[in-house]
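Novice: Submitted below is the structure of interest, expressed as structure tokens.
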Amino acid sequence: MMQERIRRMAAKRNGVLRAAGVLAILFIATISAHAAEEGGNASAERATEIFKWINFVIVAGALVWLFGKYLPPKFRGNAEIISSAISKATAAKAAADAQLREAETKLANLEKEVAELRALAEKESAAEVERIRAATQSDAKKISAAASAEIEAAERAARLELKAIAAKLAVDGAESLLAQQLTPAAQESLVSNFVKSLDGRPN
């Protein structure tokens, strides 16, 4: 687009130069015709004036030719530099836009990853709480079973001890009762009854 603009500017300059040349030629021709009509003394003055104008036109044409020859390449160089700078700026803007889009995409993905990590952490936390609750319940059941077993064992031991105490008390009571009831007369009666029972047996 910039090169097309440069071509148009160069074409306009060339057209202006041609138009200036044509106008200079027409001006000279008009002055010459007017001087030929006047004639005489005035013609010398007019010839001097014409030569001044011709001089002016030649100098102006030379300047226009010099500017037309040397300035367009400079303008073209400046235009190319500007075009190159615009191209570089466009490329830099495109790169910056791409980086911005990439950053926005990463940011969106980061928010998504953070949400996923938060959900995963909550899920794992809930699973850990459930595991701890289950382990606590299991430990409580084990402790309760162990306590029940210890209580049953203590109860059995207490019953056995109670039976032994009761048996000892019964034996002691029986001994004391027997000692009270077994008087010397009762002992003699028992012995005589035993002897009689032995006498009645066949040998």
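Novice: Please state which one of Ala24, Ala85, Ala35 is at pLDDT 80 or above and either in a helix (DSSP H, G or I) or of a type in the set (Lys, Arg) (or both).
Specialist: Answer to the selection: Ala85.
Novice: Looking at Ala79, Ala62, which one is in a helix (DSSP H, G or I), of a type outside the set (S, T, N, Q), touching a helix residue (DSSP H, G or I) at 6+ places or on another chain (Cβ under 8 Å) and at pLDDT 65 or above?
Specialist: Ala79
The values are calculated or read from the model by the stated rules, or taken from the named source; none is laboratory data. The structure displayed is predicted, hence computed values, not measured ones. Heads up, the Cβs are rebuilt from the backbone with ideal geometry, glycines too, and the neighbour counts pull from every protein chain shown.
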